[in-house]
Structure formats: C-alpha cells, structure tokens
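Novice: Can you read through this structure? Questions will come right after.
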Amino acid sequence: SSHEHKLNFRKSKEACLSYIQDALLQKQWKRAAEFLTCYVESLEKDYSREHVSPSEMIWRIGTEILWHHSQSSMKEFNCFMEQMKTLGVKRYLKVCLEHVFHLLCNGQIDEAYQNLSLAESWRFGEQTAIQDKEMKLIQAYRGLLDYYSWSKKKNILLEHGEDGFSDLAVEQEMHGYFRKAAVNLKEIIKIPGVWDLFVKCYVDLLEFYGDHNEARQVLNEYAYNSKFPANPNAHVYLYQFLKRQGESKKSLISALKILHDIVPSHELMIDFNTMLQKSKKRKKRRLGLEVIFAALDYAGWKENAKAWSCLARQVKQIVISEKHLDWIKQEWNPRKDWWPAFHFSRYLAKRNWQENKSLSYEKALVAGILLGKDCKYFKYVSHQGCKAQLKRFRVLKKFVNRHNPVCLRISG
Amino acid sequence: MEFPAALFSSYFGAGPLREEGGPAPVAGWGEHGQVLEGGLGRRQAQPAFVPRRGATGERWEAADAAAVPVLLPSAGCWIPSPAPQDILYRSGLCRKLQAGKSGAILDFARQLGHFFVDHPEDAFGSLGRLLHKNFYLGNSKLKVTVSRNSTIRMTALLEDIERLEARHGCPRQHLASRLRWFSHLCRDWLFEVPLGLLADCLHEELMQQWSSLLFDDSLTGGALAWLPPEDGGTPVGCLVHPGGQAMNHLYFQDVVLEELPHARGSPAQFELSGRIRQVAAARVDGEDFIGVRSDYHCGVWRVPGKTGAAPAPLQVIRTDVPASCLTVSPHLPGELSVCTQSGTIYLWSIETGLQQLRHDPQTMFFRDHSPWRWSDFTAHPRVLSYADRTGLQCLDARAPKRCHFDLFKVGEEAGCQQGERVVLPMYLGRAHPSQYLVTTQFSVYVLDERLPLVPVLKWAHMMKAPPLFAHLMPGNPGRNHKVLLGASRTQELLLLQYQASFWGVSSGGSQSVCQLAGTPQKLHSIRGCLQHLPTQLPHRHHLLQQRLTAPAAGLAATLQEDGPHKSMLVFQLSEAGDVFCQRLTHKAAQPPAPPSRDEATTAPGSSPLFEAPASSPPGSGAAALRYHRWLRALSRTCREPPRHTWLASLSQRRLFTRRDLEGPAGPNSLQRQMRQRLRQAMRDGGRIQRWEPVALQPPPLPETLEPAGVLDPLSTRLTAAWAEDWEQWWEERTSFSVAQRQRVLRERRRRQKRAQARRSLSASFTSSLPYQSELSELSDTGPPLLSPGRPPIPSLEGSPPAGSATVCSPPTTPAPDEALLSSQSLRCRGIPKDRRKILRDYLSVWVEVPPEPPGSQASQLCIPSSQSQLSSTSQPRRKRPRMGF
C-alpha cells in the first residue's frame, strides 16, 4: 500500500542519513559523498513534515563535504551553492550568507561582495522575522566590505597625499564607499546584539569625517543601553575613544570604573590601577587598591607579575607612610581565609621561584606584609633569594623584618 | 586576562524560546556561523577573515581499530541493570495498544510475581510457617490420616497456575475459577505486607526505574577520573574508578602509559556503602583531591603528588536527599561543592565543614520538574556556579543572597530550541580561566563569564543521547583545546577542538576569540569492538554483547607527548565496570591520506586487530593479546551461579517409567550396550563420564554423517561441517564408488523402515554418532570431576582435540546438540511434560565440567561448549531485573 511504501521509503532514507552521519564523523568524505548522491533521491518524494527538510540537510552535508573533500574546488563549491539557493525559498538568505562567509574566508572579497549585492535585492513574499534578521546581516556585511574599500582608498590617498598630489576621482570614490558603508552599518548597530566589528568600523568612519558627537553617541548607546548584552568591549571602545579624544582623567576613570564593576578581571584594570595610584585624591587611591586586590582574586591573574608589582608597590607605600593601614586591613579581612592557600602556599613559593623570580619577589613582599615574616611563602622565597645572593631579596627581608609590627597589625 | 578585542557578531534577544525545536539530525554541519576580520588585515591589501566554525583543526587518528580493555574484568558477575523489556508489559494485545499511544505500559504483575518468588520469606513468612502443615504439595493422593481434614492438596492449584502462565498473553485467557476462589479467600490475610501498600511501593519503584531508563541523570559527570603523572616524572598515572558487583568499590589503579596502557600492581581499594555515581578529581598544589558521590554519601580522598603514594580518605558527608553533584575546587585544596536534589547547594571545606549557599526547590528561570542540580567553580575561588535544567547562575559564597548574576539561560539569549535543557555544565578553567562549557541535549555552548548570557561558541552536536560526560584537555599556548563529550546509553564519544587563547597573542585582536576548529570526530565506543572479536558461540555472543553494550558510566583522557609524537589516550568506563582505552595519534599537517582501511567496512571476525602481527602495526598484536586475556578472564568470572543444592538429591525413580526404558523392537548392539550402561549408572546413582566406544572400530562413514531419519544432502553437509569433516564429506561425495552408494541407500531404506519404532527416549542416545562424539568431546574439556586421578580415556574419533584451538582461529568445537533438550524433541519422544524439565536438568548434569585449571589452556579462545548447556539453563534467572528490594 502507499502508506507502507512511504514508511519503507522513510526508513531507507533514515538509514542512508545515518550512514552519511557516520562517515562525516569519521572524516570519510568520499564515502559520505557517495551516500549523499543516494540521499538526493529523497528530494523527489519529500513526504516529511519535519522542521528540517531534506533540502536543508543536503545543503548542510554537501557544504561540509565540499569543505573537506580532497578533490573539491572553489568552482564546484560555488556551483553547488547556487543550486542550493534555488532549492528552498525559506533558506535562500541563510545559504547566501554562508556562501559569502566561505568566500570571505578564502579571500575572495569581490565575489563575496557580488553575492551580497545579489542577495540584498532578493524579494520573495512577506519576510519572516528570521529572514528579516538575515537580510540585516547581509546589508551589514556589505557595509563592512564597503568600509574596507573605503579604507583602502583612504590609504591610497594618504600615501599620495605624502607625495603632495591628490586624486579627485579616488577621493570621490572614497566618499561613495563611505556613504554606502555608513548607511548599512548604522542600521545594524541599532538592534540589540554583539556588533563589535561593525561598531568599530562605523566609529572609524565617523571619526575620520570629524563627526565626534555621533561617534560618542553610538559608543554610549552600545555600552549603556540595557537592551544590549553586557559586553566588556563596548566599554573598552568607549574608553579608547575618550582617550583618543584627549578627555579628562575624570571621564576616563569613570568609564573604567563601570568596566571594573562589570568585569573586575579585565586586563585594563592594570591601567586603571596605575591611573588611580597617581591620583592625588585619597578616595581614588583607595579605589586603586580595591581594583588591584579584586583583579588578583581571579585565577587568571595568579601569575601576572605586573599586577603583583602594582599591588606590592601600593602596599609598600602605605606601610612606609604608615597611613591608611586600615585600607589594607579592610581589603585583607574578607580574603585572609583563602588567599594564603590560593596565593601563598609553599608549593606555589617553590614553583614561582623556579619559573619567575621577579614574580616571586613581588608576591613575597606582599605576603610578608600581609601575613608577617613567618609566612611560608615569604620565608621560602627570601631564604632562596639570600642563598642565591640576590641583593634585592636581602633588602626585602630587611624591609619586612623592620616593619613586622605593622604587618602584625594588619593580619591581626 | 585578555578579552578578545572583537567578538563574533550576533543578535541578542531576551525572552522565552522561540525557535521550533526537536533534534535536527545534521544541524551541526556546513555552517561557518559568522566571520570576523583576522587582525592582520589593516596593513595588507585585503582584510583576512576567520570563521567561527570551520577553521582547520589538528588531525588525530585512531591507532587501533577498536578500543582495548585496560583492566581485567573484576571478579564477580555483573548484574545488568533492567532493560525496557524487563519492565514493560509485552503481549500481542498490548503491542498494538503501545503502537497507537506513546505511553508505555509497565508490567506490574510480573514484577510483583518476581517479588513473591524471590523473597517468599518477606512476602508470606509467618503465615507460610503457620499453614505449612495444611498445604500438601505432593503428587500422590492424600493418605487417609488424622490430618486429612485439615490438609488441602495444592497440586491442582499449581497446575492451574502453570496453565495460566502458558496462556500468558492470550486474549481469551480467563482466570481459572479455582484460582479466583483461592485468591479471593486469602488475599486479605496471606501477605506479610498488606498487598495495597506493597503494590504502591512497587509501582513507585517501577516508575522510577522506567524514568531512569529513559534518562538517567544520576550518572552526570561520570565515575572515572585520571590522575596524570607529575610533570617530567615517570609515565605512571592513576585511574580512579568504581567496580565490584554493585559498583560500590572504589579503586585507585596505577596505570603505566605505554603503547597500550597497562595496570601496575594491585589497586588501592575502598568499599563504600552505596553505588558510586560520580568520581570527580582536581589537582591543587600538586596534590589530587578526589570527590566520590553516591546517592546519600559523598566522600573526599587525597592522593599526594608523589607517584605510588597511597590515597587517604579525608571526610565523608551524608545527605538526606540524594546528592546530584559533587565537584572539586581547582583553586583551593580540600574544597568541594555539593548539590542535592532538594535544590540545596553547599560549599564543603575539609577544614570548616559545610556552608549552605542556597536552598530553592524551584528552578531558576522557568518551571521544570527535574530535581537535578549542579554546581561548579569559576575563575574566582569564592564564586560558584549553580545550575538546574533551565540555566546557570553564579553566586558569591561570601554573600550568596545578594551577589549573583545569570551566566546562561535556556531561552532566546542563547538562541535555544524549544524543549532544550541543560544537561552538563563544566568549568573549563584549565584551558581558559573564565570559560565554561554547557551541554544540552541538542547543542554545546562555550560561555565566558565576563560576557554572561551570550555564548561565545555554540554548536549542534547531533549526538543521539544527551552528553552526560565531558572531559577537557587543554592545549599548550597556540594549540587547540580538546573537549570530549560522552553519552551514557549510546556510549557515543565525540572529540571537539576549539581555540581560545588566554593571554592571547596580543598583537592580533581576533586571535583570542573562541573558534571551533576542525570537524568533530567520533571515537570508538566500547560496543564497537564487538565486531572485531572472533566469532563466538551464539549464547556467548549474546552475553558478550550484553556486557559490551552496557551504558557508559564515565570518561577520562590524557595527552601524552613523547618528543615529536603526540598522542591522546581516551578511557571509557561502562556500567559493567569495564574500562576500555583507545589511543589517538597526532598527525602533522599532511595532505589528506588515501582512503585507509577504515573506509571499508570490516566483516565480523576479520578485523585488522586479529590479523597476523606481520601485516599489522606492532600495537595490534598486543591489542589482540589483551582481548584474549580479557575474554578469558570474563568467561572465568562470569561463570554460572553456584551449583544448585538439589542436584545431589535428584530422584531417579520418577524420571523414567518401566515403559520408557523399554527399548524399541530391534536395537543394534551398540544401542543395547549403551542402554545397559545407562541403566547401570542409574542404579548406581552415579553419572556417565564419557560414552566409551565398545566397538573400537569406527562405524562406517555414512552412519556418522547422517543422523537418523535426515536424508537431504544439505543437512548431511551441515552435519559434516559442524564435525569439521567437511572435506572428507566432499571427497566421499565425489569419489564414492557406485557400489558403496548402493550399500548406503540400502542401509538408509532399512533404517527408514525402523524409524517408526524409534520414538522412545533411549533410542535417541545411541541413534547417531555425531551426538555421541559431542558428549565425549564435552567431557574431554577438563579432567573428570569425580575422579581427578583417573587418566583420561582417549576420545572418540571424529571429536576434535580439545585445547588445540589456536589464538587466531575461530572456535573449533561444534555447537552442542541443544535440539535434544528442547521441549519439542522431548515431547515427540513421548516424555510427559512434567518430567521434561527434570530430564533436562538431569542431562545438564552429565555434561557438566569442572572449572578449567588456570593456565592449562592458555591459548584457547573458545569457551568449552559444556558451558553453553549449563548457562542455557541458568539464563532465565539472570535476566530478571534487579529491583530495588
């Protein structure tokens, strides 16, 4: 009966698919390709109502095989993609986008641009929400490629400008690219998402043409709009922009303060700390101490010599001046039950000494101050340092011994 | 920590799942996802782009054709966990019902019956004792005694029950009135535990077993851990795994990493009070801390860094509700996190004890019925992640109520599908301090805690079962990180590679962005080796299949660098307690190799693993040897259950009646002799060790080749093939002289005429020689049980010499003539039904063989066929599911 026939057909289709899957997962591209040629038959009698249609499967599997097959060429790949685009209306834009990505990764920028332009002009009935998103992405990538063309022309002009001779046609072209790029890039970055690449390019365009207000507004929106994800890069871009603009220390610090609040372990925290340490205001120096302590809480900073030297320097200053010892105490209190095991164990003392002497020097200084001269880390490192007759370790030992009463007040 | 200067583009939406869901079979292929400019482009003429997926990865190739056992099977037979067919109701009627509806029907009555049979003391103890005298179970008529009035004969009732059993599944089955009457009479008082209560408990247990069959999340995380050797030390690591019949023994086994890893010395062993569900390990300050989770207990062990140091148990906690998670801190020694199914998360420190961080029986982001909870550590030693099926949160242990943020939500934020749920979260700290792996049944996500909610990587893994196990192998700077995903029921293993350099190459912005590299790769599973094993006898094959297809229970792996040679060792643990291992070797970038042998499908038994060592890589010979050892040890440990005690008191009087033992009209001399011997043996109450030939001269060939009554050439040929006389048969067939043929034909006709008279049992013992040689061959496989000192009697001609089977050849022993014991053949021989079983048991006693002396047949692969007979009788008991009683 026809029902049975359908059932059998489905079964053999599924079996074929599982063979293909097996071959793909074992990197047997030739075998997978052979099975795929059989699977193509399933297109003819497509009874399935599943949300993934056979044509999508053929597109996905075929693409994967052509990426890896030893005998495939770019020409074949393009040909296959063109066929796949006509196979399903719903997926046209998605296939176009993926095709463009592949062209871009293979350095075929011009072909990619052509494909994007073609896809952009595609219309079919009413667009679904997903298609709308895909269309926006296509436009944005075209904008991005326009930006690269603009940037190329700009470089040509700058080089020529050095020669003291300018080319009007090139300049015209450049402005044309600017307009095309700006329109498309501006559109996509309004929608909530992660658009690092597009934002950077758009801001670059705006800055070149001197539209700093617009650039600032774009970056502020990208960083502070609550509909966007909490992307640390948004704050970094804003900070870098403010720095380029030569803004005041105060606004730089406030930008970094927000970054510190959302990502205390960001690498810019070292810059932030140095900036704050230089400040004359007590409150800022206090914040600096907090920032560096917070950064060193994270496992990724454990062996960062730069961060440890920042902390060592600041702690040393405080101990010498004997002012604001309570700052250290306040920072140390919530950490004293786990920092010794996390940072200042004997095992780490040994390993740091073997791997990075200057790191162990900075850490030993901090350990000596925070935990006193009997701390395992300090004892091991200073002993090794004195044995190796390194002068600065001897100085370190003297320093900690001299200030031991102060240290005890902190740890007590 | 360096954050990537630019991330891959993506839309971000908040809210519930939007995308239509369901497992998409090929969703992981053929997509780049997004592209990003690859840093160097500015100065060059053209920008260079890198894809999110599709970058070239490292080439890893399996060194062997299948996974190889690392450890010998542990002593004591494994009890398989219940399979669907044990729990579900099966009958013709219900199959139709089931096909229509998705709901499964649990076979409640059968399980209750099992309980009554297996635990009669618990079910009917006191009343059984009280009524003991009033029930008569014998066959004969009740004698007229004083007790006659107070005793009932139960035989008829038992017969009724048996008949009922025989009609099981018949649509027109109706209860015998006698049974109904009996059950009506005693339902209220016979049972030790009130029937309703018992039924409730059983039903609850059945439901639980069924749901754990559908998806067993108690195994999440896996119960296998590998403690790598110290840097630069000897290549001896330690494998921590559960074992024993109930998986309640914890082993610390030293393993030497050579071409094939092998165990060194005997393992340190700890007996625990529950089945081990999870073994988690982390190395802090050169010491390994191992957390072990069973349902109601969690324990922690410490293994000092020195090789060969003994593991020391540190602390144990007990929970009222089953624990669902135990992870060990990679930052601070002796810190763990524990979650229970009541929705509580604890930070457990060896020094300060338990600190409850949160208690919330509800799920976090939307309602989900699963009580499963998970927790792990993050880049900050005081911040723990907390997961349920709906997502992940991070909470600060210093102020868990105030300080927390959402790390992952099943929803639009991560572009999840409908029905998608978190299966396993894992901290990827050893590769990148701020990254996290989250697997769902559809996809695998990499998250960065500095950019919460937006996955930095997402890929549809297409696995058939949800990945319950994951293992990370961090790559050196500039190399890919490797993640292994493992599923339980299907034993799938998938190798993924991704790039995410931490403290990245600071010049290139996108260098440190997270990318999936290469294509995912399927690794060998334990069950995959089945097709490479030498051909087994059918029942052996079945046992082996059952053993090898047991769900996976854990996963561990290690990278090994030996100069330019890099290799990866992947260990997989099964629920049966087997640990298998496979080696993958790293291939430097080369043009794709020509299709190797693995492109061709391998036929069973003809695997490269078992080829002659000359034609295969050096490792293969060792692998084959390893398999042989493992198979031998398995056959030794998984021998039948201990002898039944009733064997000694087997009644012979009731076995045969006078009429049965009376032979047919004209038996030949051989038959007469054999019958005599049989009678003698029965009178003496002994057993027949072997059927010694009286006529030393072998009977004429046609006799041996053709069993009585079977005349077609195909059967003859097959019989010859079984007896390995096929060549001879062919010769006979081609070179038979006409005279000989005529003689054979005459002989046949004569026998045909006699065939009618031969419907008695005794005739079957002597009627054909193949069977006779069969028996003698069976008793040849070991020294006689009763008189060990007696020199073996030379075996009959035609039986292959036992013990001469070589390593590489298929088993040479023919299959036992089980047809003789089948009820059908017994019936047609006129044996009454009630005696067939007794007879069968009796026959199995004859063919019984003492245990094989160790080392006597070191190279023998095949299992003596005697075992097949024995285990065929013990088989039905073994298959019964073990319920929670």
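Novice: Amide H neighbours of residue B:517 under 5 Å, at least 5 residues apart or on other chains, H built in the peptide plane: list them.
Specialist: B:497, B:498, B:499
Novice: For the residue pair residue A:30 and residue B:193, what label-to-label distance in nm results when each label sits 7 Å from Cα along the Cα-to-beta-carbon direction?
Specialist: For the pair residue A:30/residue B:193, the computed spacing is 6.3 nm.
Novice: Assuming 0.36 nm per residue, please report the length gained on full extension of the stretch residue B:200 to residue B:119 beyond their Cα-Cα distance. Can you show the working numbers first?
Specialist: On the way: separation 81, 0.36 × 81 = 29.16 nm, distance 1.73 nm.
Gain on extension, residue B:200 to residue B:119, equals 27.4 nm.
Novice: Here's another thing I want to ask about it. Is segment A:311-362 best put as rounded, prolate or oblate by its Cα gyration tensor, with a ≥ b ≥ c the root eigenvalues, rounded for a/c under 1.5, and otherwise prolate when a/b is larger than b/c, oblate when not?
Specialist: Numbers: a/c = 4.14, a/b = 1.52, b/c = 2.73.
Oblate is the answer for segment A:311-362, as a/c is 1.5 or above yet b/c matches or exceeds a/b.
Novice: Could you rank the peptides A:125-132, B:292-299, B:623-630 by their average count of other C-beta atoms within 10 Å per residue, with the highest value first? Before the final figure, lay out the partial values.
Specialist: Details: A:125-132: 11.6, B:292-299: 21.6, B:623-630: 20.0.
Per-residue Cβ counts within 10 Å, averaged per peptide and sorted highest first, yield B:292-299, B:623-630, A:125-132.
Novice: Can you work out the Karplus-derived ³J(HN,Hα) for every residue in segment B:373-388? Use 6.51 cos²θ - 1.76 cosθ + 1.60 with θ = phi - 60°, whole Hz, and x for glycine or proline.
Specialist: 9, 9, 8, 8, 9, 10, 5, 9, x, 9, 10, 10, 8, 9, 10, 10
Novice: If you count, for every residue in A:20-29, the Cβ atoms of partner chains within 10 Å of its Cβ, what is the mean? Walk me through the numbers on the way to the answer.
Specialist: Numbers: counts 3, 7, 1, 2, 9, 12, 7, 11, 4, 4.
Averaged over the peptide's residues, the number is 6.
Novice: Let me ask something else about it. Rounded to whole Å, give me the distance from the Cα center of segment B:247-307 to that of segment B:532-569.
Specialist: Value for the Cα centre distance between the two parts: 20 Å.
Novice: Another question, then. For the residues B:369, A:175, what sequence is obtained by ranking on other C-beta atoms within 10 Å, fewest first?
Specialist: Working: B:369 7, A:175 13.
Least crowded to most crowded, the residues run B:369, A:175.
Novice: Going down the table (A:75/A:180; A:243/A:280; A:11/A:133; A:243/A:373), which pairs top 31 Å between alpha carbons? Could you put the intermediate results ahead of the total?
Specialist: Working: A:75/A:180 29 Å; A:243/A:280 20 Å; A:11/A:133 36 Å; A:243/A:373 42 Å.
Long pairs (Cα-Cα over 31 Å): A:11/A:133; A:243/A:373.
Novice: How large is the Kirkwood hydrodynamic radius of segment A:181-256, in angstrom, based on all distinct alpha carbon pairs?
Specialist: 12.5 Å
Novice: A follow-up question, please. Quick check: residue separation of residue A:283 and residue A:392 times 0.36 nm, minus the Cα distance between them. What number comes out in nm?
Specialist: Numbers: separation 109, 0.36 × 109 = 39.24 nm, distance 3.16 nm.
Value of the extension gain: 36.1 nm.
Novice: Here's a follow-up. Only counting other Cβ atoms within 10 Å, I'd like A:250, A:133 sorted with the fewest neighbours first. Don't skip to the answer; put the middle values down first.
Specialist: Details: A:250 10, A:133 17.
By the 10 Å Cβ count, ascending: A:250, A:133.
Novice: Follow-up question, since we're still on this one. Using a/c under 1.5 as the rounded threshold, could you call segment A:328-412 rounded, prolate or oblate? The axes a ≥ b ≥ c are square roots of the C-alpha gyration tensor eigenvalues, and prolate needs a/b larger than b/c, oblate otherwise. Don't skip to the end; give the middle numbers.
Specialist: Details: a/c = 2.39, a/b = 1.34, b/c = 1.79.
Oblate is the answer for segment A:328-412, as a/c is 1.5 or above yet b/c matches or exceeds a/b.
Novice: Highest mean first, what order results for B:458-469, A:318-329 on Cβ atoms within 10 Å? Numbers along the way, then the final one.
Specialist: Details: B:458-469: 21.0, A:318-329: 15.4.
So the order, starting with the most tightly packed, is B:458-469, A:318-329.
Novice: When you look at the Cβ of every residue in A:98-105, what mean number of other chain Cβ atoms sits within 10 Å?
Specialist: Details: counts 6, 1, 3, 10, 6, 2, 10, 9.
Average per residue, whole number: 6.
Novice: Past the 18 angstrom mark, what percentage of all C-alpha to C-alpha distances in segment A:253-350 do you count? Please report the intermediate quantities before stating the final value.
Specialist: Details: 2185 of 4753 pairs.
Result: 46 percent of Cα pairs exceed 18 Å.
Novice: A further question on this structure: Running Debye on segment B:210-257 with equal point scatterers at the Cα sites and no solvent, what base-10 log of I(q)/I(0) appears at q = 0.19, 0.20, 0.29 Å⁻¹?
Specialist: Results for segment B:210-257 at q = 0.19, 0.20, 0.29 Å⁻¹ read -0.73, -0.76, -1.04.
Novice: Taking Cα centroids, how far is segment A:343-394 from segment A:272-337 in Å?
Specialist: 19 Å
Novice: Highest first, please rank the peptides A:201-207, B:83-89, B:676-682, B:414-420 by the mean number of other Cβ atoms sitting within 10 Å of their residues.
Specialist: On the way: A:201-207: 22.0, B:83-89: 16.0, B:676-682: 14.3, B:414-420: 19.3.
Put in order of decreasing packing, that is A:201-207, B:414-420, B:83-89, B:676-682.
Novice: When a/c reaches 1.5 or more, the comparison of a/b and b/c decides; with that in mind, is chain A rounded, prolate or oblate per its Cα gyration tensor?
Specialist: Numbers: a/c = 2.86, a/b = 1.75, b/c = 1.63.
Prolate, because a/c is 1.5 or more and a/b exceeds b/c.
Novice: Ranking B:327, A:274 by Cβ neighbours within 10 Å, fewest first, what do you get? Intermediate results must be reported in sequence, preceding the final value.
Specialist: On the way: B:327 27, A:274 15.
If I rank by nearby Cβ atoms, fewest first, I get A:274, B:327.
Novice: Tell me, what HN-Hα J-couplings in whole Hz come from the Karplus equation 6.51 cos²θ - 1.76 cosθ + 1.60 at θ = phi - 60° for each residue of segment B:200-212, using x for Gly and Pro?
Specialist: Going residue by residue, I get 4, 4, 5, 5, 4, 4, 4, 4, 5, 4, 5, 5, 6 Hz, with x marking Gly and Pro.
Novice: Now a separate question. Between residue B:108 and residue B:306, what is the label-to-label distance in nm when each label sits 7 Å out along the Cα-to-Cβ direction?
Specialist: Rounded to a tenth, the inter-label distance reads 6.2 nm.
Novice: What is the distance, in nm, between label points placed 7 Å from the Cα along the Cα-to-Cβ direction at residue B:401 and at residue B:259?
Specialist: 6.5 nm
Novice: Return the average number of partner chain Cβ atoms within 10 angstrom of each residue Cβ along peptide A:302-315.
Specialist: Working: counts 2, 1, 2, 0, 0, 0, 0, 0, 0, 0, 0, 0, 0, 0.
Per-residue shielding by partner chains comes out at 0.
No lab work stands behind these numbers, since they all come straight from the coordinates. Source: prediction; values computed, not measured. Using ideal geometry, Cβ is built from the backbone for each residue, glycine included, and neighbour counts are taken over all protein chains shown.
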